[in-house]
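Report on one structure; see the data block that follows.
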Amino acid sequence: MGALKTALFKRVAVIGLGLIGSSLTRAIAAEGLADEVVGFDASPEVRRLAAALPDFGASIADSLESVLDGADLVIMAVPVGAMEGLAALVAPQLKAGAILSDVGSVKGRIIEAVVPLLPEGVYFVPGHPVAGTEFSGPEAGFASLFAGRWCIITPVEGTPSEVVARVVQFWERLGSSVEEMSAEHHDIVLAITSHIPHLIAYNIVGTAADLEEVTSSEVIKYSAGGFRDFTRIAASDPVMWRDVFMNNKEAVLEMLGRFTEDLTQLQRHIRRGDEQALEDLFTRTRAIRRSIVEAGQETEKPDFGR
Ligand code: NAP
């Protein structure tokens with residue numbers, strides 16, 4: 001037990017103290033992964049909220065300069081669209097040997113933006129914990145968020161393997177299983193497993209809200225018929241998801257094209273009364289659900305793993 005708590009880093013700086021950032025500070029502290037954990041958020045209100053949380057696990061810096069001072073691991077936990085601007089401020093202040101990382105839900109665009117900003121001797125190891133809830137802000141975080149979940153690392157060419165290995169070890173110590181893949185592959189996989197499902201949820205909830213022949217009180221009253229599960233996904237943070245779609249356009253549009261073709265085919269099966277085709281598809285999809293449960297990727301409380 002004692003050996004497990006050995007610190008991997010001297011000073012970890014977490015920037016962006018929302019759901020993911022504040023879960024990280026809690027989890028890093030709980031696992032004793034760093035001698036010191038410091039957090040910073042651009043919003044004074046978020047800093048104040050975080051500082052008032054008894055289990056926050058980190059001290060709060062009041063400027064970007066002070067959170068970075070002496071940090072050997074810096075994790076950017078801000079919306080995808082804010083990563084480039086933040087990295088431009090952070091990178092020049094990092095000491096040689098420091099590791100910069102992130103938790104963004106899109107990888108290609110972030111890598112393109114961040115790598116040219118890195119000074120000599122500073123490494124960028126991009127990451128994406130496939131774990132989340134539909135809640136935002138520091139109060140929403142919790143230490144066990146990453147346990148039993150996947151974390152995808154998309155290493156940048158030329159990064160020494162021991163640097164990547166330290167980040168892998170970091171996530172494993174938080175209880176995640178780690179997989180390495182290219183950023184391009186990550187963005188395609190997440191487009192179909194996460195981004196498109198969110199888009200569908202946003203769309204169906206929006207369509208229901210606009211219906212004229214069904215009242216909104218009926219939509220709410222009968223939501224247990226399936227609609228309710230979509231509303232949970234569609235309650236996810238608007239800024240985070242706006243940024244995901246703006247920064248993973250290609251993969252999302254490609255997957256959306258395929259989805260639309262399949263939807264048109266379903267439409268045809270219904271119009272033509274092709275019972276067998278419908279039953280075949282619904283049987284196949286039920287098996288996918290079973291595999292997810294068997295793989296331990298479903299809990300009683302669904303989190304729609306982001
Ligand atoms: P969140 O709860 O909205 O928190 C983000 C925080 O970052 C906010 O407090 C925001 O402050 C702050 N911020 C924005 N720009 C900043 C800047 N330039 N410098 C410092 N702080 C800044 O979001 P989240 O859910 O934790 O998501 C953070 C990242 O994790 C995103 O990149 C997202 O794609 C990724 N991710 C999310 C999930 C999920 O399910 N939520 C899962 C995996 C990965 P303001 O509110 O004042 O702007």
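Kindly check whether there is at least one residue in the range 45-64 that is within 25 Å of GLU162 (Cβ to Cβ) and not basic (Lys, Arg). Among the residues of the range 45-64, not one is within 25 Å of GLU162 (Cβ to Cβ) and not basic (Lys, Arg), which makes the answer no. Of the conditions (1) surrounded by fewer than 21 Cβ atoms within 10 Å (Cβ to Cβ); (2) more than 10 Å from the ligand (Cβ to nearest atom); (3) not in a helix (DSSP H, G or I), LEU100 clears all except one; give me its number. Of everything listed in (1) surrounded by fewer than 21 Cβ atoms within 10 Å (Cβ to Cβ); (2) more than 10 Å from the ligand (Cβ to nearest atom); (3) not in a helix (DSSP H, G or I), LEU100 misses just condition (1).
Residue count for the range 34-48 satisfying the condition of being assigned to a strand (DSSP E or B) and more than 21 Å from the chain's Cα centre (by Cα): 3. GLU179 meets the conditions (1) within 16 Å of the ligand (Cβ to nearest atom); (2) touching a Ser or Thr at 6+ places or on another chain (Cβ under 9 Å); (3) farther than 28 Å from VAL46 by Cβ; (4) not hydrophobic (A, V, I, L, M, F, W, C) in every case but one. The failed one is (2). Under the condition of being touching a residue at least 60 places away in the same chain (Cβ under 8 Å) and part of a loop (DSSP other than H, G, I, E, B), the residues counted in the range 7-22 number 4.
All of the numbers you see were taken from the coordinates with simple rules; none came from a lab. Bear in mind the structure is a predicted one, so any value in this text is a computation, not a measurement. Every residue, glycine among them, receives a Cβ derived from its backbone with ideal geometry; neighbour counts consider all protein chains shown.
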